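Data first, discussion second: the structure below is written as C-alpha cells.
The values are calculated or read from the model by the stated rules, or taken from the named source; none is laboratory data. Because the structure is a prediction, the values reported are computed rather than measured. We place every Cβ from the backbone using ideal geometry, glycine too, and count neighbours over all the protein chains shown. Surface accessibility is based on the protein's heavy atoms, side chains included, excluding ligands, DNA and RNA. Shrake-Rupley method; radii C 1.70, N 1.55, O 1.52, S 1.80 Å.
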There are 2 protein chains.
Amino acid sequence: MANRVQTDVLIVGAGPAGLMAAAWMAQMGVRTTIVDQKPYHTRCGRADGLESRTLEILDSFGLGDKVWAEANHTVEIALWCGTADGHLRRQSVTANSKPGWSRFHESTLSQAKVEEYLMEYVKDRGNVDVKRETAPTSLEIDYDMIDDHDKYPIRLDLEDVTSRPMSHDSSMEVAGLDTSADSSSDDSGYAGLGHVVEAKYLLGCDGARSWVRKQLGLRLEGESSSDSWGVLDIIPLTDFPDIRKRFIIKASCGTVMMIPRERKLVRIYVELPSHVATQYRESQDGTILMEQVQKAMHPYTMKTSHIEWSTIYTVGQRVCRKIGLHNRIFLAGDAIHTHSPKAGQGMNVSMQDTFNLGWKIASVVKGALKPQILETYQQERLPVAERLIALDQRICRGMCSRKDEHKSNYSRFDDDHKRALEEENSSASGLAVVYHPNLLVTSTAPEMASAGLNNENELALNHSQASLAPNLKIGARIPSLLILNQSDAQTCHLQQILPSTGQWNLIIFGADIAAPDQARRLSSLAEMLGRPESVIQKLNNHAAVTRRGFESVGINLIHCAERLGIELHDLPAIFRPWTDTHGVDYNKVWVDEAAYHYAGGGELYKSFGIGARGCMVLLRPDQHVSFLSDMDDVAGLEQFLTSIVPEQTY
Amino acid sequence: MANRVQTDVLIVGAGPAGLMAAAWMAQMGVRTTIVDQKPYHTRCGRADGLESRTLEILDSFGLGDKVWAEANHTVEIALWCGTADGHLRRQSVTANSKPGWSRFHESTLSQAKVEEYLMEYVKDRGNVDVKRETAPTSLEIDYDMIDDHDKYPIRLDLEDVTSRPMSHDSSMEVAGLDTSADSSSDDSGYAGLGHVVEAKYLLGCDGARSWVRKQLGLRLEGESSSDSWGVLDIIPLTDFPDIRKRFIIKASCGTVMMIPRERKLVRIYVELPSHVATQYRESQDGTILMEQVQKAMHPYTMKTSHIEWSTIYTVGQRVCRKIGLHNRIFLAGDAIHTHSPKAGQGMNVSMQDTFNLGWKIASVVKGALKPQILETYQQERLPVAERLIALDQRICRGMCSRKDEHKSNYSRFDDDHKRALEEENSSASGLAVVYHPNLLVTSTAPEMASAGLNNENELALNHSQASLAPNLKIGARIPSLLILNQSDAQTCHLQQILPSTGQWNLIIFGADIAAPDQARRLSSLAEMLGRPESVIQKLNNHAAVTRRGFESVGINLIHCAERLGIELHDLPAIFRPWTDTHGVDYNKVWVDEAAYHYAGGGELYKSFGIGARGCMVLLRPDQHVSFLSDMDDVAGLEQFLTSIVPEQTY
C-alpha cells in the first residue's frame, strides 16, 4: 500500500510556470507539493528573454534587483539585409523596448538563473514540498466532491523516477517550444510503486508534452511547418559591429537572429536548409549550425571558442483551448502554448500564466475568494495564449527568408514584421494585457450601456468610472511611476508598494488634499472605510486570523498636495495605522511630487489623467486594476468586494 | 616555542577600518592576517551613518546595491526649537544631503551589517586569514631591515584570548568615540603563549584605545569636555511629525538629535544634565535616557516598546598626529581620531582611511609601486582627520544648549552650525576631499608657478593641465555621471567602470571623435600608448604576470560624438582589446549621450567642463584624479608613471 498524503495544491513541473505558482503558494502559506522528473533545475540553454512585465513581476516577489543586475539589458535592435552583391547592409538601429512602458526593459538571463532564484524564494518561505525525480503515473478525479472546495477530489499516484531513464534529453528543450511534437514515450508501466497524493487543486505546468494535459484528453491544436531553425549559445569571436545589440540579418542564404546575453554569451537563431537540419539531427554537432551562421554573416567573420548549448526546432504554433477544468485543474505555460522561441516570449507568458493563477487558487484555499473566481483564469489567459500564437506567426512569417524566395524583396523587413517586433516588447510582453470584464474585473459605464444595463439594474453598482483616470485601463496592470513617502521623502516606484503578498490594494488618489473640498471628501471616505461594519474592515479582521497578518485589502493614499504642507497626523487615522509595538505605519501615504535626488516624481497624476476630484482604484493581488470609482462611491466598492468573497468572511 | 608564521600584512582590529583594509588585500591577492579580540562582529548599536562617498566606495567593491537597498535613506533634515511658552516649533525642513554631489546620499545602516558584508567579501576572495579572539601582546621592529621591503621587520606575539575576560563591554563603543579615554586595562601579562607573526606591514585599526598606537608611544591629543550625551537605538511610539526625518530639537531642557534607521529603528542622541548622566552610568538603564528624550520632546509624546541599545559618552575631540611610521606601520580609524558621533562621520572616515591606504600597501607588496609612496598616507589622511575634528567641534558647539544658557537665543540654530551640518553631507563626507600634490597627485601649472618651477625644470613634465577640465579637481575623487556603452547602449555610472581592483585607469575624454582633428589626435595617442616600449604596455605586461590578470593601468575612452555614427571597429585596436577565448572586450569605449530609458546621460562633458580638444585623466585605484593632461602629452603621463613605479617593472 502506497503512502497517502493530502496537499492543497499539487504542481506538476518545476520550470518557470510551476515555480511561479509555487512562489505564490509559499508566500501565501498554502500547503503545496511540486514535483518534477528532473533531478535538478535547468543548467544551460532553453529560454533567456525576460520582458518588462516579467521583471516587474519578479520584482513584486523581491527578486527584481538581483535579476536586473545580473541580466544583460537588450537596449537596441539592429536590422540587417543582404545586398545583391553578397554583402550585408544595416537598415536600422532602434530602441528594442519602447521607452516609457515600464521601469524595466527587455533583458536576457538564462532560464537556469530564473529557476534558481524562484526555487530559493520558495524554499526560504516554506509551505511547499519540492519533490524532484518524481513523476505522476495516474490521475483520478472524484466528481462527487468536485464542488465542495473543502474536499480533495484529485488523486495522483507519484513515482520515484531516480533510476528511470529520462524520457528525453532536457537539453533539447526551449521554453515555448515543442521539439518532439507528441511523440514522447508512453509513461505507463511505472505506476503503483510510490506515493498517493490527494489534492484540492492540480496544476499542469509540465511542458509541451504535458502529462497532465494528456490525462485530461486535451491536446494542442495548430500547425507545424517543416522549416527548421538551429539555436546556439556561444561566446562569439567576431568583427560584426552589432554583436552586443539584438540583431536580425536577412541574408540570401537564410535569416539569423542574435540576442546578447550575460557572461559575454550570445543566443543565436539560424534558419537551416533541410539538409543542414538533417545533418545536425544526426550528429548533434553545434559546429554544423555555426557554419550556417558564418555563411549568413559573411563577409563578417564569426567564430567561437565555446559552444555552450545547441538545439534545433521546427516552426509550429499550437495552443490548447481548454486551460481550466471544474475550477480544480489548470494547465499553464508550454502545456497550453507552443510556438517558436523567436519572440522571446516563452518563459514570460508561462510565468505570467501562473502569476495570474497562483493568487486566485491561494485565495480560494484561504477562504478569501469564492471558488467561482477560478473561472477567470481561462477567461483571462486563453486570449493571451491565442494572441501569443498570432504574434509568433507574424514574426515567423517575417523571419523566414525562404517563404519569400520568389519575391524580389526577399531580404527586406516588411512593415507587419517590424510592427510585430515592436509589439513584442511593448504590448505583447504583458504590459498592455487587458483582462476583459469578469468576476474580478468590473465593467466600465460604456461597456454596461452597450450591454443594455443601466443604473437601475441590480448590477449597476458593479462598474467602474474609467473617465476619472482615462489613461488607466480597467483590467490592465497599473503602470508604475516614482512617488515619495509623505513622512520621509524617500522615493519608490508605485509598484513597489504593491508586493505580491496576496493582498488587494485600494489606492486613494486624493488629489490636492490641502484643498478644503478634497480634505472633506477624503475624511468622509476614511470614515466610511474605517467603520467596524465596513466590508474592508471585516475582510481584514478575517484575514488577520487566517493569513499570518497580511491584510485582505490594503489602503494607500497618494495625493498631489504640497508634501511639506501636509501633516501626517492631521490625516484620518486610517492612513496612519498604529500598533503598540511598532507605533505608526508610515508607509500608507505617498505624494506625487518631484524628488530631491532623482529625475522623476510629480508626474503620476498627469500620466494617469487623474483630475481635481481624484478617484480610488482597487488593485488585484497581481497589480491589475479591478475597480475604479469616485472617492464617494464606497457603496460600489463594497458591492464589488462582496460579490467575490465568501459570505462567511464579511 | 611559539608557532612562527610570515604574512605580508597584519591588521589589528576587524572593525570597519580593518575590514576595508582587508578587502583591498583580499581583492589584490596579498597574504594578510587580520586579528580581533572579539569572538564575532558588532551585533547592534555603534555606528550607523553611511555618507555618499562611503556608499560609492562600498559600490566599488560590489557591495553598493546591497547596502543601498537595505539602508534607510536620510532624505530630509528638520530643525526644531523650543519656544518661550514651552512648546516646540519647526524652523525648517531641507534636503539632508545636497542633491547632485553623488549618485548616493546619506543613509543609515548598522555597523553590524557593514562589517558583515565586508567580512563576506573578504572571505569569498580568500588571501586573508581571519583570527578572532586573538590579541597581540608584544611588538618588535627590526630596524636593520626596515628599508628592504622584501623583508619582514615587524614581529608580533599573538595570543588566543578565548577564555580571557573582555577588557571592556563592546556594547559601550560608538565609532569615532573614545568612551573611556585612556583608562583601559594594561594588556601585559598575556604574552608568550601563542603565535608569532612576522609581517612586512602592520595596520593598527584597533580603535580609540589602540594597542598598536600605545606600543608606538603615540597618543591622541586634544580636549574633552564634561558634557554627557546619551545614545539610544529604539523603535519610537510617537506623534512627533518628523520622526522619519533626521531632526534636531533644541529644547530648553537640552538638545535631541534623531536619525531614522532601518527596521523602524531610530538612533537618538540626547544631551544629559550631569545628574542624569550619573544615574545612567550607575544603572546602565536606557529608560533613564528615554525620560530625558521625552522631556525635550514635550509636548509631543515619545515612548518605545523596545530599546535595542544604549550608551553614554562625553564630548571630546582628539587626534593622533603621527599616522604612518617608517612606511611600515600605519594607524587608521578611531585609533587616530575620536570625536562625538553627532556628525555621523566615524565609520565613514575610518573606512576611508584604509580605502586610501589599502591599495597603496598592496601595490607595494606586489612590486607595482615604490615603497616611498606610502608616505602619502600620512600626507593625505592626517588633514582629513584634523578637518573632521574641527567640523565636529563646530557641530558640538552648535548642538550644546547649555553653552548658550546665558544668551537670549539659546534655542536657535546659528549660521555656523547650519553651515557645518551642510558640509557634513557634502564636502566633509569624502566627496570633496582633495589630496594635495604629492608623489601620487600631480601639481597643476599654477601651483608649480607659485613654487617657482617652470617648464625647463626637471619636474616640469610632472604636472597637470587642470584648465582642460576645470570642474575636475586634481587630487579629488572623480564625480560620477551616467554614460552609455558604445556597443550596446547599456547605461552605467562612470564610477562603475572603476571598480576597486588595484588598477589605475587612464580615461581618454576624446570629445567629438567623429571630427577629423580629434580622430587624428585619438589615433596618434592610441599609437603612442600601444607601442611595445610604452610604459603602460610594459606595466600591464608586468602586472599580467604578478597580479592575476588585472591590468596595471586600464585604458578607457569616453567620447561625445553621436554614438551611432561611430563604429567600434573603426577605432584604434587599443580600444577593443582581443583575446582568442572571449573575442573583443566591448567595455572600453563609452559615450556621453542621452539614454533611451533613463533621465541622465549626455551631461558629463558639460559637467566636467571638458572642451573640444578633450583631455586625458589618470585615476588612482581609489578613483582620485592623479594626472590630467592634453591628449598629446603621453610624455607627461609616462614621466609621472615612471616616477612612482619601481624600475624593474618597466
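Would you confirm, using the coordinates I've provided, whether A:Lys66 is within 10 Å of chain B (Cβ to nearest Cβ), in a helix (DSSP H, G or I) and closer than 25 Å to A:Leu481 by Cα? Yes, satisfied. Here A:Leu325 clears all of (1) surrounded by fewer than 22 Cβ atoms within 10 Å (Cβ to Cβ); (2) touching a strand residue (DSSP E or B) at 6+ places or on another chain (Cβ under 8 Å); (3) aliphatic (A, V, I, L, M) except the condition numbered (2).
Evaluate the following for B:Thr255: is it away from every other protein chain (no Cβ under 14 Å), open to solvent by 30 Å² or more (accessible area, probe 1.4 Å) and β-branched (Val, Ile, Thr)? No; evaluated as a whole, the condition is false for this residue.
Taking B:Ala47, is it open to solvent by less than 30 Å² (accessible area, probe 1.4 Å), at pLDDT 95 or above and out of contact with any Leu (no Cβ under 8 Å at 6 or more places or on another chain)? No, not satisfied. Any residue at all in segment B:288-302 that is under 19 Å from A:Ser487 (Cα atoms) and surrounded by fewer than 19 Cβ atoms within 10 Å (Cβ to Cβ)? Scanning segment B:288-302, I find at least one residue that is under 19 Å from A:Ser487 (Cα atoms) and surrounded by fewer than 19 Cβ atoms within 10 Å (Cβ to Cβ), so the answer is yes.
Please list, ordered by residue number, the strands (runs of 3 or more DSSP E) wholly in segment B:524-621 having 3 or more residues that are closer than 18 Å to B:Gln490 by Cβ and more than 14 Å from every other protein chain (Cβ to nearest Cβ). Result: B:553-559. Filtered by the rule that a residue be touching a Ser or Thr at 6+ places or on another chain (Cβ under 7 Å), within 30 Å of A:Ala71 (Cβ to Cβ) and free of Cβ contacts under 8 Å to residues at least 60 places away in the same chain, segment A:259-285 gives a lone residue, A:Leu272.
Might you check whether a residue that is among the aliphatic types (A, V, I, L, M) and surrounded by fewer than 19 Cβ atoms within 10 Å (Cβ to Cβ) occurs anywhere in segment B:209-232? Among the residues of segment B:209-232, at least one is among the aliphatic types (A, V, I, L, M) and surrounded by fewer than 19 Cβ atoms within 10 Å (Cβ to Cβ), which makes the answer yes.
Okay, residues lined up against (1) surrounded by fewer than 21 Cβ atoms within 10 Å (Cβ to Cβ); (2) farther than 28 Å from B:Ala69 by Cβ:
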site: A:Asn3; (1), (2): yes, yes
site: A:Asp8; (1), (2): yes, yes
site: A:Gln37; (1), (2): no, yes
site: A:Arg53; (1), (2): no, no
site: A:Leu58; (1), (2): no, no
site: A:Asn72; (1), (2): no, no
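The residue that is farthest from A:Gln379 (Cα to Cα), counting only those in segment A:317-354 that are in a helix (DSSP H, G or I) and aliphatic (A, V, I, L, M), is A:Ala343. State yes or no: is B:Gly126 of a type outside the set (Lys, Arg), on the phi > 0 side of the Ramachandran plot and within 14 Å of chain A (Cβ to nearest Cβ)? So B:Gly126 fails the test.
Any residue that is of a type in the set (Gly, Ala, Ser) and either within 14 Å of chain B (Cβ to nearest Cβ) or over 29 Å from A:Ala135 (Cα atoms) (or both) - is there at least one of those in segment A:104-117? Within segment A:104-117, one or more residues are of a type in the set (Gly, Ala, Ser) and either within 14 Å of chain B (Cβ to nearest Cβ) or over 29 Å from A:Ala135 (Cα atoms) (or both). On inspection, A:Glu647 qualifies as without any contact (Cβ under 8 Å) to a residue 60 or more places away in the chain and over 27 Å from A:Asp59 (Cβ atoms). Total residues in segment A:572-594 satisfying the condition of being open to solvent by less than 20 Å² (accessible area, probe 1.4 Å) and either among the aromatic types (Phe, Trp, Tyr) or closer than 26 Å to B:Ser102 by Cβ (or both): the figure is 4. The residues of segment A:487-510 that are of a type in the set (A, V, I, L, M) and either more than 14 Å from chain B (Cβ to nearest Cβ) or surrounded by fewer than 21 Cβ atoms within 10 Å (Cβ to Cβ) (or both), listed by number, are A:Leu494, A:Ile497, A:Leu498, A:Leu506, A:Ile507, A:Ile508. When you check A:Glu51 against the structure, is it of a type in the set (Asp, Glu) and more than 10 Å from chain B (Cβ to nearest Cβ), yes or no? For A:Glu51, the condition - of a type in the set (Asp, Glu) and more than 10 Å from chain B (Cβ to nearest Cβ) - is met. Just one of the listed residues (B:Gly367, B:Gly346) is over 20 Å from B:Ala476 (Cα atoms) and under 12 Å from the mean Cα position of the chain (by Cα), namely B:Gly346. Note on segment A:86-121: among residues that are among the small types (Gly, Ala, Ser) and assigned to a strand (DSSP E or B), the one that is surrounded by the fewest Cβ atoms within 10 Å (Cβ to Cβ) is A:Ser92.
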